[in-house]
Amino acid sequence: TEIINKLNILLADYQIHYQNLRGFHWNIQGKHFFELHAKFEELYNDAAVKVDEIAERILTIEGTPLHTFEDYLSTTNIQAKKNIHDGEGSVSAIIDDMTNILSLEKEIKELAINAGDDGTEDLMSDFLDQQEKTIWMLKAWMK
């Protein structure tokens, strides 16, 4: 039950993160428009895949995934972002969101290890590897 609850929080976080990425993609302005517009699309497509994988994992371990924006907004650890149009502001917000998500994924991985839930542990390991690299790259872009 604790793993299901944490996965639902992660699901909510990813849904809000996804919406933030869409907003950044649509509203980016400035000299980095072309590179960031494409990067944000890559990131929101990845987030959409992760949303599906998290929901399916919840179902696999006999839970019920959250599925309304009301539930997501009341559960998430991430704030909805709006009116951010510049590259630095957008990338900084993404780094913050991904860092928060990364922390929760590490917590879920530990819970899964302790519960002998190999499937959830593997899923979180895959997410962690990819996100740590993405955060590193985004931080490098900010310098």
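The values are calculated or read from the model by the stated rules, or taken from the named source; none is laboratory data. Note that the structure is a prediction, hence the values are computed from the model and not measured. Heads up, the Cβs are rebuilt from the backbone with ideal geometry, glycines too, and the neighbour counts pull from every protein chain shown. Calculation scope for accessible area: heavy atoms of the full protein, side chains included, ligands and nucleic acids excluded. Shrake-Rupley method; radii C 1.70, N 1.55, O 1.52, S 1.80 Å.
Of note:
- Residue match in the stretch 77-88 (condition: open to solvent by less than 80 Å² (accessible area, probe 1.4 Å), part of a helix (DSSP H, G or I) and over 19 Å from Asn8 (Cβ atoms)): yes
- Of the numbered criteria (1) open to solvent by 20 Å² or more (accessible area, probe 1.4 Å); (2) touching a residue at least 60 places away in the same chain (Cβ under 8 Å), the one Asp52 fails is (2).
- Among the residues of the stretch 66-76, those that are part of a helix (DSSP H, G or I) and either hydrophobic (A, V, I, L, M, F, W, C) or surrounded by 12 or more Cβ atoms within 10 Å (Cβ to Cβ) (or both) comprise Phe69, Asp71, Tyr72, Leu73, Thr75.
- Search result, residues across the stretch 16-49 that are closer than 20 Å to Gly89 by Cα, open to solvent by 10 Å² or more (accessible area, probe 1.4 Å) and among the polar types (S, T, N, Q): Gln19, Asn27, Gln29
- Residue in the stretch 93-103 that is out of contact with any strand residue (DSSP E or B) (no Cβ under 9 Å at 6 or more places or on another chain), touching a residue at least 24 places away in the same chain (Cβ under 8 Å), more than 20 Å from Ala12 (Cα to Cα) and assigned to a helix (DSSP H, G or I) present: no
- Candidates Gly63, Gly119 - the one that is small (Gly, Ala, Ser) and assigned to a loop (DSSP other than H, G, I, E, B): Gly63
- Any hit, the stretch 97-109, residues being at pLDDT 95 or above, more than 21 Å from Trp136 (Cβ to Cβ) and either loosely packed, with under 14 Cβ neighbours inside 10 Å or among the aromatic types (Phe, Trp, Tyr) (or both): no
- Residue match in the stretch 104-111 (condition: farther than 14 Å from Leu10 by Cα, of a type outside the set (A, V, I, L, M), more than 16 Å from the chain's Cα centre (by Cα) and not in a helix (DSSP H, G or I)): no
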